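The values are calculated or read from the model by the stated rules, or taken from the named source; none is laboratory data. Since the structure is predicted, the reported quantities are computational estimates derived from the model, not experimental observations. Glycine also receives a Cβ, built like all others from the backbone with ideal geometry; neighbour counts cover every protein chain displayed. Note: areas computed on protein heavy atoms with side chains; ligands, DNA, RNA excluded. Shrake-Rupley method; radii C 1.70, N 1.55, O 1.52, S 1.80 Å.
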Amino acid sequence: MADSPPIVSVLGAGSWGTALAALLARNGVPTRLWGRDAVALAQMAQSRRNVRYLPELTLPEALVYEADLALAVAQADIALIVVPSHAFADTLAAIVPRLSAEAAIAWASKGFEPGTGRFLHELVAERLPGRPAAVITGPSFAREVAAGLPSAITVHAADEAFAVRLSRLLHAPNFRAYSGTDVLGAELGGAMKNVLAVATGVADGMALGLNARAGLITRGMNEMLRLGKALGARPETLMGLAGLGDLVLTTTGDLSRNRRLGLALGRGMALPEALREIGQVVESVLTADEVMRLADKHGLDLPISSAVQAVLRGEVTPAEALRQLMAREQKPEYPAELFSPA
């Protein structure tokens with residue numbers, strides 16, 4: 001494995017899984033792509049296109065398609081999970097008995113375990129203790145990566161050598177892959193930005209202006225930093241690609257499903273109708289509850305995240321949430337303890 005590229009099995013044939021699999025294959029990494037829909041996977045193999053998610057991308061000839069999960073996992077030196085966060089635990093459980101003893105694991109899923117607020121790395125540590133494990137995150141719309149547009153992501157693992165190794169497999173002329181060791185911070189940024197993207201989407205849907213958008217992004221970053229400090233994340237991680245970078249992309253880019261959900265809600269569309277129109281998993285619907293579960297656990301007041309949760313639950317309208325946010329008492333921009341040593 002050390003002398004030749006490892007075999008990477010990408011588990012999840014949605015837009016991001018397909019884009020990552022294509023990138024790896026083009027980098028000369030032996031890559032297998034598995035998806036739940038065997039018929040769709042066979043069509044991808046024949047046409048070399050993911051018609052549903054990335055129809056404009058011609059998939060590399062070297063990419064191998066494997067409809068049998070057991071075979072895909074058994075052959076892998078690195079299993080890379082790219083499924084929605086609510087499906088992560090079930091996918092992990094399915095592959096654990098099939099992984100070789102030497103195989104490492106990585107994921108490009110963003111979110112928490114629904115109902116518990118646990119980070120995905122906690123599930124991995126519970127199921128596969130001691131394995132090299134890494135999260136891939138950062139500001140990266142799959143469509144732009146597939147098109148070869150310049151992008152930058154970051155790979156974090158407790159085992160720094162594994163983070164570096166995986167980042168080198170992903171690194172390409174138009175795809176910069178950095179590395180780090182703050183798995184918790186990287187996961188928090190990747191999950192929480194989805195909630196904040198709904199807030200800016202709502203504001204833009206209500207035509208509240210660019211000042212409001214900038215204020216929400218900045219105050220949302222404040223909420224991310226405060227929750228990160230309570231959890232033990234490094235501030236530099238949250239001010240980097242995994243946090244601020246992903247936050248800016250998701251709150252301003254209309255390719256973001258979470259921002260588009262906010263836009264629809266801000267224009268008066270009902271949540272079920274908005275979700276049907278988007279037609280793909282919108283992580284914030286579940287993530288907002290988990291962010292607030294963590295905030296409540298640590299006694300934190302996160303007004304923007306709380307307002308998003310209330311809107312998604314149908315407890316308040318976007319206009320009512322805005323009035324509540326604007327009616328909050330005047331205070332210093334940052335609490336004195338935010339940037340002090342823990």
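Within the set Gly240, Gly215, Gly228, the sole residue that is open to solvent by less than 10 Å² (accessible area, probe 1.4 Å) and in the same structural domain as Leu263 (by the TED database) turns out to be Gly228.
Screening Gly17 against (1) at pLDDT 95 or above; (2) assigned to a helix (DSSP H, G or I); (3) open to solvent by 10 Å² or more (accessible area, probe 1.4 Å); (4) closer than 18 Å to Val135 by Cβ leaves a single unmet condition, (3).
Annotation: Ser47 fulfils all but one of (1) touching a helix residue (DSSP H, G or I) at 6+ places or on another chain (Cβ under 8 Å); (2) farther than 30 Å from Gly185 by Cα; the unmet one is (1).
Condition test on Gly190, is it open to solvent by less than 20 Å² (accessible area, probe 1.4 Å), of a type outside the set (A, V, I, L, M) and within 18 Å of Ser85 (Cβ to Cβ)? Considered against the rule, which asks whether it is open to solvent by less than 20 Å² (accessible area, probe 1.4 Å), of a type outside the set (A, V, I, L, M) and within 18 Å of Ser85 (Cβ to Cβ), Gly190 comes out as yes.
Being within 20 Å of the chain's Cα centre (by Cα) and either over 20 Å from Ala108 (Cβ atoms) or in a helix (DSSP H, G or I) (or both) holds for only one residue in Leu261, Leu208, Leu265, Leu255, and it is Leu261. Taking Val96 as the residue in question, decide whether it is of a type in the set (A, V, I, L, M, F, W, C), farther than 26 Å from Glu236 by Cβ, out of contact with any Pro (no Cβ under 6 Å at 6 or more places or on another chain) and in a helix (DSSP H, G or I). So Val96 passes the test. When the range 137-156 is filtered for residues that are touching a Leu at 6+ places or on another chain (Cβ under 7 Å) and open to solvent by less than 70 Å² (accessible area, probe 1.4 Å), the ones remaining, listed by number, are Gly138, Pro139, Phe141, Ala142, Val145, Ala146, Ala152, Ile153, Thr154, Val155. Within the range 165-179, identify whether any single residue is farther than 13 Å from Leu247 by Cα, assigned by the TED database to the domain that holds Leu241 and either open to solvent by less than 40 Å² (accessible area, probe 1.4 Å) or β-branched (Val, Ile, Thr) (or both), and answer yes or no. Checked against the condition, which is being farther than 13 Å from Leu247 by Cα, assigned by the TED database to the domain that holds Leu241 and either open to solvent by less than 40 Å² (accessible area, probe 1.4 Å) or β-branched (Val, Ile, Thr) (or both), the range 165-179 yields no hits at all. All of Arg260, Arg234 fail the test of being closer than 30 Å to Ala146 by Cβ and surrounded by 13 or more Cβ atoms within 10 Å (Cβ to Cβ), apart from Arg260.
Restricting attention to the range 195-222, the residues being under 26 Å from Gly268 (Cβ atoms), touching a residue at least 24 places away in the same chain (Cβ under 8 Å) and not hydrophobic (A, V, I, L, M, F, W, C) number 7.
Looking at Glu290, Glu320, Glu315, just one residue is touching a residue at least 12 places away in the same chain (Cβ under 8 Å), in the same structural domain as Arg226 (by the TED database), surrounded by 11 or more Cβ atoms within 10 Å (Cβ to Cβ) and not basic (Lys, Arg), and that residue is Glu290. Among the conditions (1) at pLDDT 95 or above; (2) closer than 26 Å to Asn194 by Cβ; (3) not polar (S, T, N, Q), the only one that His86 does not satisfy is (1). The set of residues in the range 101-114 being open to solvent by 40 Å² or more (accessible area, probe 1.4 Å) and either free of Cβ contacts under 8 Å to residues at least 40 places away in the same chain or closer than 24 Å to Leu247 by Cβ (or both) consists of Ala101, Pro114. Residue-level analysis places Ala22 among those that are open to solvent by less than 10 Å² (accessible area, probe 1.4 Å), in a helix (DSSP H, G or I) and over 20 Å from Phe88 (Cβ atoms). Residues of the range 128-152 that are part of a strand (DSSP E or B) and in contact (Cβ under 8 Å) with a residue 60 or more places away in the chain: Ile136, Thr137, Ala152.
One residue alone among Val202, Val248 is open to solvent by 60 Å² or more (accessible area, probe 1.4 Å), over 21 Å from Ala106 (Cα atoms), assigned to a helix (DSSP H, G or I) and not charged (D, E, K, R), and that residue is Val248.
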